[in-house]
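First the structure, in the form of structure tokens, and then the observations on it.
The values are calculated or read from the model by the stated rules, or taken from the named source; none is laboratory data. Everything numeric in this text was worked out from a predicted model, so none of it was measured. Backbone-built Cβ (ideal geometry, glycine too); neighbour counts: all protein chains shown. The protein model used for the area step is the full one, side chains on, heavy atoms only, and it has no ligands, DNA or RNA in it. Shrake-Rupley method; radii C 1.70, N 1.55, O 1.52, S 1.80 Å.
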Amino acid sequence: MVIYPCYLNFAKVSILLVFLILLTAAGCSREKPEIEATFTPFGLEVKGAGSIPLSLYDEAGRLVLSYPELPGPDVLLVFPWETKKIYLLKAGEAKIRLKTPGKKPLAELLVLAPLGSPGERFIIYPETPLKASFVVSTRTPCPEIGLMFTAYRDLTVNLAKENIAIKEGERKLLRKKLCLPEGKPLSLNVRVENTPLNLKFKRRYVDLHGKIKILAWHFPTDESGLAIRHRREGVLVIPNPLFERIGYLLGIKERGYSRYLPFAYQTVVLKNESPVPVNLLVKADFFYPQTEEMAKGFYPPEFGAEGHVKEPLALAYLPPQGTGKVVLPVFAEIPPGEYLARIEVYPLGEKEPVLVKERLIGVTQGKPWLATSLFVILFCGFTVSAGFLVAHRQVLRRFRVRELCLIALSGAVAFGLDFLGGLISNLFYALLGPFNVLVGGLITEITHYAVFTAIFVLVPKPGFVTLSYLINYLMGLLLYGGMRATDPFFVGANIFFMEASLLLLLVYRNPIGFRLVLALALADAVQTFSSLVLHMTFYRLYFPGWYILLSVVVKGFLYTLIGALIGLKIGKLLREMER
């Protein structure tokens, strides 16, 4: 028998394809969720069924009720169930057969071991003994245990030979101090009516130094611990008072903000690397970094004489080798600046922290004068852009063909110089960082305004600036593409400030005097400032005050003044040659 190589290759390829399909199917298969169902007086409590549609059927196959996909991990199916009945629960594709207890529950028990921990919950049924074991992680040899009962009917609880009556619907906390030798269990026998409860407690202390880690620390977040997308990490932004007043006047923002409500939150994710469950107390503090004094504006304002919590605190329960998240409130009666935030983690009941973590945070607030400038810039930019769209024919008719050619030359040459200067400026930026404004601006501003001023002297008419800037913008649009919704504000604001400066300083009466140079320098300084304001608003960029001052004074005013002086001399020569 002869087997040709092509058949061998085909067989190998087929086997490989089948193997890949099976591997892909195995990888794509989802593990069935672990679902736990418990009958309570109000219905059926289903744990681990989040984002799964649920349906419940009785013995005859009739639909009792159904729930759609819910976001939470636990779902309570509310219905009056009957004792000693069979129900079928469908959770997605899974089918679970459930049998109801012989009697309705007596009570709900929450065991707090030690007192102050989140606790473990149990449902107590009549004449159904309960056995449970607990590990108490504490250094105290005689910790206090809490038993919180929620009665579903009138009942009596016997604890340490003492009978405690609890009425239906009442919730009562019973406290008991147990002396637990380390490693030796101690049983606590409790009786609820005729139902015995055997609760075993064992104390096991583990030194948590180095066993508790902070996996993440987010500041600020919302009240559920989720990061706020439009907020910068590590920076708390206090509302601008001008924007708040405008919001109140327009009805966008409601009055009635309470100083006693948190302004924001911070979230800490903890990791327990010890083999025992731990209950932790997490405390947040804030300080001035220079003096280490407490920054009181981050804490709740004092009110009342009793029950006031001066520091943000949170309790966390971490299972062995598990994680947990705590959310702490942050108040904001504080001036802008830099502050030191500190997180301290204590084992519940102990005075010494097992973990201390610090970080610097910032508090900033919009300045009213900056917000006012923004409104002026937006209004001027939009007005000029909209006005040119309406009256562009009238503007063009004011110029002859020769003048339009010179304007086109001005815009084209300015674009080319800006393009080349921008490339060189980017190279210097890699070396100088933000101080590139001193070198990059020297290249772009001087060359740009030298050409602009020289040609303006030849065509000293209102509208020259508008058409020259638009040609520069259109050439950039053709080369780079991507018209943005913010362009009318950037371009319109630049045109407005330049035209307004030339008109206010009466440059058109004497276009070859020093007033032309001064008008261009002042206009470019205002243009630089308006561009920074628009970038901070639209692109969420943050510029320090020294950088804004350096850009406006040096790049905007000084370099433009030098370039305009050079251009004025060139323009005078060109004007004489033209004559």
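With all protein chains in place and ligands, DNA and RNA left out, the 1.4 Å accessible area ranks ILE86, ILE570, ILE361 as ILE570, ILE86, ILE361, largest first.
Considering only protein heavy atoms, with the full assembly of protein chains and a 1.4 angstrom probe, order TRP369, TRP81, TRP546 by accessible area, largest first.
My answer, sorted largest first, is TRP369, TRP546, TRP81.
Computed over region 288-381, the quotient of the alpha carbon radius of gyration and 2.2 N^0.38 Å is 1.57. Summarised in one figure, the compactness ratio Rg/Rh of region 479-540, Cα atoms and Kirkwood Rh, is 1.10. Averaging the Cα positions of each part gives two centres, and for region 423-446 and region 166-239 these lie 57 Å apart. The equivalent ellipsoid that matches the C-alpha gyration tensor of the chain spans semi-axes of 72, 34, 25 angstrom, in descending order. The residues of the chain present an accessible area of 57 Å² per residue when probed at 1.4 Å with all protein chains retained. Sequentially through region 311-320, phi angles give Karplus couplings (6.51, -1.76, 1.60; θ = phi - 60°) of 10, x, 10, 8, 9, 9, 10, 10, x, x Hz, Gly and Pro residues having no value and appearing as x. With contacts taken as Cα pairs under 8 Å at a separation of at least 6 residues, region 446-579 carries a relative contact order of 42 percent. In sequence order, region 160-175 has phi-based couplings of 6, 6, 10, 9, 10, 8, 10, 7, 4, x, 8, 10, 9, 9, 9, 10 Hz under the Karplus curve 6.51 cos²θ - 1.76 cosθ + 1.60, θ = phi - 60°, and Gly or Pro positions carry x. Of the GluC sites (Glu not before Pro) found in region 314-375, those that fall in a DSSP loop while having at most 16 other beta-carbon atoms within 10 Å are GLU333, GLU350. Atom-type composition of the exposed protein surface of the chain places 62 percent of the accessible area on carbon and sulfur (1.4 angstrom probe).
For LEU188, the residues whose amide H sits under 5 Å from its own are LEU199, LYS200, PHE201, ignoring neighbours fewer than 5 places away on the same chain, with H placed 1.01 Å from N. The lysines whose alpha-carbon is closer than 23 Å to the alpha-carbon of LYS200, local same-chain residues fewer than 8 away aside, are LYS131, LYS161, LYS172, LYS176, LYS177, LYS184. Taking amide H as placed 1.01 Å from N in the peptide plane, the amide H of LEU348 sits under 5 Å from that of ASN279, LEU280, LEU281, each at least 5 places away or on another chain. The amide H of LEU159, built 1.01 Å from its N in the peptide plane, has ILE164 as neighbours under 5 Å, considering only residues 5 or more places off or on other chains. Taking the charge dipole of the chain about its Cα centre, with +1 at Lys and Arg Cβ atoms and -1 at Asp and Glu Cβ atoms, the residue from GLY337, GLY416, TYR288 reaching farthest to the positive side is GLY416.
I need the fraction of alpha carbon pairs in region 34-114 separated by more than 14 Å, rounded to a whole percent. The partial results should precede the final answer.
On the way: 2022 of 3240 pairs.
In whole percent, the share of Cα-Cα pairs in region 34-114 beyond 14 Å is 62.
For LYS569, the aspartates and glutamates whose Cα comes closer than 18 Å to its Cα, not counting residues fewer than 8 places off in the same chain, are GLU445, GLU578. Under the membrane-span-like helix rule (DSSP H runs whose alpha carbons stretch at least 18 Å along the helix axis, mean Kyte-Doolittle hydropathy 1.0 or higher), the chain yields 5-28, 368-397, 401-432, 436-458, 464-480, 487-504, 514-538.
If you average the sequence gap of Cα pairs under 8 Å that are 6 or more apart and divide by the length of the chain, what percent do you get for the contact order?
Numbers: 1016 pairs, mean separation 47.1, N = 579.
About 8 percent, as a whole number.
A convex hull fitted around the alpha carbon atoms of region 145-201 yields 74 Å³ per residue. The phi torsions of region 223-228, fed into the Karplus equation with coefficients 6.51, -1.76 and 1.60 and a -60° offset, translate into couplings of 5, 9, x, 8, 5, 8 Hz, rounded to whole numbers, with Gly and Pro shown as x.
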